[in-house]
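Comments concern the structure below.
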């Protein structure tokens, strides 16, 4: 099958990397809760072409994360998509107690967790965290955070066809972007309990900085 | 049931019991559970996968594991199954498709993932996921029941119910009997282990088998882990 796409945005590059990998190796699997429905462009159009390589999960994050290891032990290359990194944290056991330890025991574990973060764009206390720092401290994990669309493509292909567990983290604001974007300075964002107040504070500060009244 | 396997497990565990003071990692003897594994050894095949728990010596020997490699692993030697890295609780043998973990219920989801891969691969292998009564208290167990029934995975959940979680009795922990809570998931339940294995093998359907057992040893090695539970070794006389 020839794949004839000219990707521009981050999401389109990720989509192409997934399509090429699914096409190239039937052991590549894409799993997650909403993977059939596009995930804001990441998997759009792929389920129709590769139905047998898609796994739809119930809202069971412990199972998603631990079954990724089982699939990999039995020879699969797994891409597990969490639409928020906060949801990945709901099923941490396998990510801390099993995957890194089995990797250290010498098992090839080609597992890529794609997670999005929404820090600084007004997504509230429970959709805004960036937990990737945790994984930099766990032995065995590789953390990848693409900063350009082409890097999004190459990093994902490397992860899928490599032999180790990878946390692939991408900021939600980059999905439709065709270029790198600087994140807002975290020192001007004030965390507070209610997301509405958080957003108000964020945008008021942005306006003040850019001189808009 | 293989009497040879039964004797092999019991003599291995008793040999460990005599050498407890030399063991410096948490080690859980399977005395009292051995007949479950001996029956499993009759019906398990090389291509099958077995996932086990902190109490795993009987399962490993039943899968065809090496006594010597297991012994050396428990003793923390370089010549051990995982070079002494895993200890008794988390032994892994790639050549036998055998994995155990110290984290209670931690491999239930892993076993379910392996069963999904086996289904995709179209081989005749099955997965046996060994748990204890407390393993059913973990959320991922119920997630895995739902998912394996939804996708008709070739997996047997084998529950060795010894009624104890360290010192806590099952009556203190669980609301009702386990087995009637499993059936509504659309999972076949069995009292007989051989029938349960055959059901998974022939119908490629998830199944559940509960075996009530009495642990005839302390929860774990008492010589070096004395502070962890309120028991003495051995707590049951052999009958």
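Just so you know, all these numbers are worked out from the coordinates, no wet-lab data involved. Source: prediction; values computed, not measured. No Cβ is skipped: glycine too gets one built from the backbone with ideal geometry, and neighbour counts run over all protein chains shown.
Some observations on this one:
- The calculated FRET efficiency for the pair residue B:83 and residue A:139, based on their C-beta separation and a Förster distance of 22 Å, comes to about 0.85.
- Between residue A:48 and residue A:148, the FRET efficiency from the beta-carbon distance, with R0 = 30 Å, is close to 0.55.
- Each of residue A:5 and residue B:173 was given a label point 7 Å from its Cα along the Cα-to-Cβ line. The distance between the two points is 4.7 nm.
- The stretch B:88-126-the stretch A:94-165 distance, computed between alpha-carbon centres (Å): 23
- In this label model, residue B:22 and residue B:123 are separated by 3.6 nm, measuring between points 7 Å along each Cα→Cβ vector.
- Gaussian network model of chain B, springs between alpha carbon atoms under 10 Å - residue of B:206, B:26, B:154 with greatest fluctuation: B:26
- DSSP beta bridges fully contained in the protein assembly as shown are about 10 percent antiparallel.
- Efficiency of FRET from Cβ geometry, residue B:67 and residue A:24, R₀ 25 Å, rounded to 0.05: 0.05
- Residues A:43, B:112, ranked from the fewest to the most other C-beta atoms within 10 Å, line up as A:43, B:112.
- Within a Gaussian network of chain B (alpha carbon springs, distance under 10 Å), most fluctuating of B:104, B:156, B:40: B:104
- Estimated from helices alone, the mean residue ellipticity of the protein assembly as shown at 222 nm is -10500 deg cm²/dmol (sum of -39500 (n - 2.57) over DSSP H runs with n ≥ 4, per residue).
- Inter-label distance, nm, simple model (7 Å from Cα along the C-beta direction), residue A:37/residue A:129: 2.4
- Taken over the stretch A:10-175, the percentage of Cα pairs per 10 Å bin, counting from 0 up to the bin with the maximum distance, is 11, 44, 38, 7, 0.
- For the protein assembly as shown, the percent of C-alpha pairs falling in each 10 Å distance bin, counted from 0 to the bin holding the largest distance, reads 4, 20, 27, 22, 15, 8, 3, 1, 0.
- Remark: B:195, B:172, B:73 ranked as B:172, B:195, B:73, counting other beta-carbon atoms within 10 Å and listing the fewest first.
- Ascending count of other beta-carbon atoms within 10 Å, so fewest first, for A:113, A:107, B:24: B:24, A:107, A:113
- Share of Cα-Cα pairs in the stretch B:3-224 lying beyond 27 Å, as whole percent: 27
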